[in-house]
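K.L.:
This is the structure I have questions about; it appears just below.
Please treat every number below as a calculation from the coordinates, not as lab data. Given the structure is predicted, the values throughout are model-derived calculations rather than measurements. All Cβ positions, glycine included, derive from the backbone under ideal geometry; neighbour counts span all protein chains shown.
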Amino acid sequence: MNTLRDIAIVGVGYSGFSPHTRGLSFKELMFEAARRAYDDAGVDPRKDVGSFISCTEDLWEGNSIADEYMPDQVGAALRPMCTVTADGIQGLAMAFMQIETGLVDTVSVEAHSKLSDVLNRDDVLRFAFDPVFARGASRSPYFLAGLEMNRYLYESRNEREACAAVVVKNRGNALLNPRASYGERMSASKVLRSKTIAHPLKKQEVSQPTDGCVVLVLSSKASRRPRAPVWIEGIGWSSGTPWIQDADFAQAHYTRLSVEMACRMAGVDEPKVDLYELDDTFSYKELQHMEAVGLCARGEAGKMIQQGRTARDADLPVNPSGGSLGVGHLVEATGLHKVLEACLQLRGEAGRMQVNGAKKALAQSWRGLPTSSGAAVILGVR
Amino acid sequence: MGAGMTLFRRRLLETGKELSFEAARQALESANLSAKDVRSVVMGTAPEAFDGVHMKGEYLLDGAGGANKPYTRVYVGGGTGVFVPIAAWWHVASGLFDTCLAVSEEKMSPVHPHPQYAFNGIFDYALERPLGVNLVWIFALEMRRYMHKYGITEEEIAQVAVKNKANALDHPCAQLGARITVDDVMKSEPMVWPVKRLDISPPSDGAAAVVLASEEAAKKITKDPVWIDGVGWSIDSTYWTDRELAYPQYLESAAKMAYRMAGIRNARKEVDVVEAYDPFDYKELHHLEGLQLARKGEAARLTTQGVTQRNGEMPVNPSGGLLGVGNPIAAAGTMKVCEIFWQLRGEAGRRQVKRDARTGVAQAWGDLMQFSSVLVARSG
């Protein structure tokens, strides 16, 4: 790999973060988040931002060719803007590459969720399954999560209770996060007693929807900005097979490959970081992703969490923000939310959630059922 | 490095995955490469509504060769086809990857009773959708405005359809190559006045792909590379009802961005061959003006004078364009990039333009008359 330009996240902005944002359209959510991000970065979007990226998907928007509706509210009219139909961290990667080419210096990346407008979320998810071979398998898309969880626990030999411990930790962490809607002090037995969604997955182990928007400003001209830049040390993304019949439920290969790519770029063998924001769309996914990012060996994730080693004040904090289980699931904005939380931690602006002395962080995302697509980014302050 | 495409047809039996695979395979084979040489993949495909699959980039990914690779779908409506090679360009030009495969696919035929129904969903759900609008409806408004502003007649516009459908007779993948006259266009069934049936490109199934490599990798692959020297894209406001429709300002921004990068000062003099987006015949004229290849309102005259014929001074859509080859949305734009590649390599066979083509421009357009992507390529 050639020598790369140093690129940093120089501005962050967000809005919403509530299960219902009545009275606000998705455009208003985007406008508010974008304004905050541009103010934070000290840039004028009409002059200083060279390119705009929005991460979105038609069926979540309820509009075909949804990218039509994105430019005005982020300041992109008559400017280069495109949509990336992927999780926000992949959008971040596109922005990163655009700057690396030298074509532009500063790029705005946006992703949002307006799930409160979506009346049939499960049906939309079901529509992502192969129409011939998989969609007819069940009315509920979560059957696949149940299958995966069962197989993962069987092959990794992690204990069933460890999954419940993820929920207890993340929803507990969320109590201190002003953006979180699902903070709760709860017991593992309450998790395990909740309704079965798809055996063995319980209702409390499925992250619940929330509305919100995140905008990040990336720049190669970080030194001129008012805030401490959060440097992108490495970024990677990968997709596995779209055939659910062929997927390896025991391991998240897409995460492994994403992290390997990010590490290559960062020039390190493994991501030694002070905190992890990992995908926890379902409880077991956090364990699976801990193993895939190399935080521990296969089958060790359950023990780590049960020993409390991934708590916010322990040596390897995972999802100190509360993750998707505590904050809520934001569809394509889920990855950018993880990056937002990591940036606030590294800037020392995480308030009561602050992990002391955090200098490096890893944010990782998964695109959700039924995909094997994910991305990861290693962030650092100097 | 290479280019490939499937047949464009109203209905193909192959699935979207299979079409993607076929185009990708051809593109790789034409460059003597195989799937293992591909370091990253970019996919392009327009609304989910066509395939009826949510996150259809994920669904198509193994067909496009994206499994276990960094794979991304980018999306800018009808402009996607030229934008996919642009996104592939930044994968390589960033220094992150040596090679990138750009694949575009569209399978419109599953939509019943007609693919046009999928387009009702592109309109604003509060302000426009209740009117029962479709694409032909708003483009009729734009065509009418363009005609009115510059005093252009339907007959002048019809010459574009005549030219492109005739050009397509020489394209082995073409869906609607035909020898027709201006009179045929004028007498064809009115869809939404002034748009008539022969003014419009057809709905199609198809896929197209190109392979990109870095300067260093390219040396090992071929002696005859085609370089991407300029890229540009721009989107205008969503509120199309507030804009002057007679001139595509967003395309001017995109074209100037691409020309600046390519060091082009006078596009009219420096560009040898053009693939301008022509889903409707008036759009070719509209786009030539936006591309700074004709003055405002003068593109029709260039067509009348034969300047844009394949053997003319500035050939436009020698492939046959969307009007002749077909319009599988995203794939149609990438087909234009394929054509520029073949023209600049002198591999376009009977479609080869007469003048020695060294600089080519491919352009696509999309969203609510709002977005354009422009790619400038030069022979080595």
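K.L.:
Between B:Arg301 and B:Arg129, 0.36 nm times their residue separation minus their Cα-Cα distance comes to what?
P.N.:
Gain on extension, B:Arg301 to B:Arg129, equals 58.2 nm.
K.L.:
Which of A:Asn319, A:Gln288, A:Gly91 sits closest to the plus end of the dipole of chain A, meaning its Cα is farthest towards the positive end, when Lys and Arg get +1 and Asp and Glu get -1 on the C-beta?
P.N.:
Of the listed residues, the answer is A:Asn319.
K.L.:
So, in nm, how far is label A:Asp117 from label B:Arg25 when the simple model puts each one 7 Å beyond its Cα toward the Cβ?
P.N.:
Placing both labels 7 Å along Cα→Cβ, they lie 4.2 nm apart.
K.L.:
Here is a follow-up. Over the stretch B:138-265, what is the relative contact order in whole percent, taking alpha-carbon pairs under 8 Å and six or more residues apart?
P.N.:
21
K.L.:
May I ask you to evaluate 6.51 cos²θ - 1.76 cosθ + 1.60, the Karplus curve with θ = phi - 60°, for each residue of the stretch A:292-298 and list the ³J(HN,Hα) values in order in whole Hz, giving x for glycine and proline?
P.N.:
The phi angles translate into 6, 7, x, 5, 7, 6, 4 Hz.
K.L.:
Would you list B:Ser201, B:Ser104, A:Ser187 from fewest to most Cβ contacts within 10 Å?
P.N.:
A:Ser187, B:Ser201, B:Ser104
K.L.:
Take peptide B:42-55, look around each residue's Cβ out to 10 angstrom, count Cβ atoms belonging to other protein chains, and average those counts.
P.N.:
Taking the mean over all residues of the peptide, I get 5.
K.L.:
Go ahead and run the numbers for FRET between A:Leu175 and A:Arg139, Cβ-Cβ distance against an R0 of 45 Å, rounding to 0.05.
P.N.:
Rounded to the nearest 0.05, the efficiency is 0.85.
K.L.:
With 10 Å bins from zero, work out the P(r) of the stretch A:52-161 over every alpha carbon pair and list the percent per bin.
P.N.:
12, 30, 28, 21, 10, 0
K.L.:
Same structure, new question: Alpha carbons only, please: Rg and Dmax for chain A, in angstrom.
P.N.:
Radius of gyration, then largest Cα-Cα span, for chain A: 19.3, 55 Å.
K.L.:
Which of the listed residues, A:Val74, A:Pro141, A:Val43, is farthest toward the dipole's positive end in the stretch A:1-141, when Lys, Arg count +1 and Asp, Glu count -1 at the beta-carbon?
P.N.:
It is A:Pro141.
K.L.:
For chain A, find the longest principal axis of its Cα atoms and tell me its angle to the long axis of helix A:253-266, 0 to 90°, nearest 10.
P.N.:
40
K.L.:
Continuing with the same structure: Suppose every Lys and Arg Cβ carries +1 and every Asp and Glu Cβ carries -1, with no other charges. What dipole size does the protein assembly as shown come out with about its Cα centre, to the nearest 20 debye?
P.N.:
Numbers: 87 positive and 91 negative charges, 141 e Å.
Dipole size: approximately 680 debye.
K.L.:
How many nm is it between the label spots at B:Val182 and B:Glu215, if each spot is 7 Å from the Cα in line with the beta carbon?
P.N.:
Those two pseudo-labels are separated by 4.8 nm.
K.L.:
Could you please tell me the mean projected area of the C-alpha convex hull for the stretch B:254-305, averaged over all directions and given in square nanometres to one decimal?
P.N.:
If you wrap the Cα atoms of the stretch B:254-305 in a convex hull and average its projections, you get 3.7 nm².
K.L.:
Then there's this: Before anything else, pin down the relative contact order of the stretch B:193-320: Cα pairs under 8 Å, at least 6 apart, normalised by residue count, whole percent. Numbers along the way, then the final one.
P.N.:
Numbers: 118 pairs, mean separation 28.5, N = 128.
Dividing the mean separation by the residue count of the stretch B:193-320 yields 22 percent.
K.L.:
Can you give the FRET efficiency for B:Glu189 and B:Leu169, using 1/(1 + (r/R0)^6), R0 = 30 Å, r = Cβ-Cβ distance, to the nearest 0.05?
P.N.:
In this case the efficiency is close to 0.85.
K.L.:
Rg over Rh of the stretch B:279-380, using C-alpha atoms and the Kirkwood radius, what does it come to?
P.N.:
Rg/Rh for the stretch B:279-380 comes to 0.93.
K.L.:
For A:Asp39, project a label point 7 Å along Cα to C-beta. Then give me every residue of the stretch A:60-81 with its amide nitrogen under 16 Å of that point.
P.N.:
Answer for the stretch A:60-81: A:74-75.
K.L.:
Counting only other chains, and only Cβ atoms inside 10 Å, what mean value do you get across the residues of B:257-267?
P.N.:
1
K.L.:
How do the peptides A:54-61, A:226-233, A:326-333 rank, highest first, by the average count of neighbouring beta carbon atoms within 10 Å per residue?
P.N.:
A:326-333, A:54-61, A:226-233
K.L.:
Follow-up question, since we're still on this one. What angle do you read, to the nearest 10 degrees and between 0 and 90, between the alpha-carbon axis of helix A:334-346 and the longest principal axis of chain A?
P.N.:
70
K.L.:
FRET efficiency for A:Ser18 and A:Lys47, Cβ-Cβ distance as r, R0 = 45 Å, nearest 0.05?
P.N.:
Plugging the Cβ-Cβ distance into 1/(1 + (r/R0)^6) gives 0.85.
K.L.:
Taking a quarter of the surface of the convex hull around the Cα atoms of the protein assembly as shown, what do you get in nm²?
P.N.:
Working: hull surface 115.6 nm².
For the protein assembly as shown, the mean projected area of the Cα convex hull comes to 28.9 nm².
K.L.:
Please average, across the residues of B:247-254, the number of beta carbons from any other chain that are within 10 Å of each residue's own beta carbon, and give a whole number.
P.N.:
Shielding by partners across B:247-254 averages 1.
K.L.:
Using alpha carbons only, how many degrees (0 to 90, rounded to 10) separate the axis of helix A:88-100 from the longest principal axis of chain A?
P.N.:
The two axes meet at around 30 degrees.
K.L.:
May I pose another question? Shape of the stretch B:171-235 from its Cα gyration tensor (a ≥ b ≥ c, root eigenvalues): rounded if a/c is under 1.5, otherwise prolate when a/b > b/c, or oblate? Before the final figure, lay out each step's value.
P.N.:
Values: a/c = 3.48, a/b = 2.45, b/c = 1.42.
Note, shape of the stretch B:171-235 comes out prolate.
K.L.:
Follow-up. By a straight-distance test (C-alpha under 17 Å), which aspartates and glutamates pair with A:Lys202 as possible cross-link partners, with residues fewer than eight away in the same chain excluded?
P.N.:
A:Asp122, A:Glu148, A:Glu159, A:Glu161, A:Glu184, A:Asp280, A:Glu286
K.L.:
In addition: Only Lys, Arg, Asp and Glu count, each charged at its Cβ (+1, +1, -1, -1), so figure out the dipole size of the stretch B:181-296 about its Cα centre, rounded to 20 debye.
P.N.:
Roughly 400 debye for the stretch B:181-296.
K.L.:
Then there is this: Which distance in nm do the two modelled labels at B:Arg145 and A:Ser25 give, with both placed 7 Å along the Cα-to-Cβ direction?
P.N.:
The answer from the label model is 1.9 nm.
K.L.:
Next question. Pairs B:Lys163/B:Lys283; B:Lys107/B:Lys196; A:Lys27/A:Lys221; B:Lys223/B:Lys336; A:Lys221/B:Lys256; B:Lys149/B:Lys256: which exceed 18 Å Cα-Cα?
P.N.:
As for pairs spanning more than 18 Å Cα to Cα, those are B:Lys107/B:Lys196; A:Lys27/A:Lys221; B:Lys223/B:Lys336; A:Lys221/B:Lys256; B:Lys149/B:Lys256.
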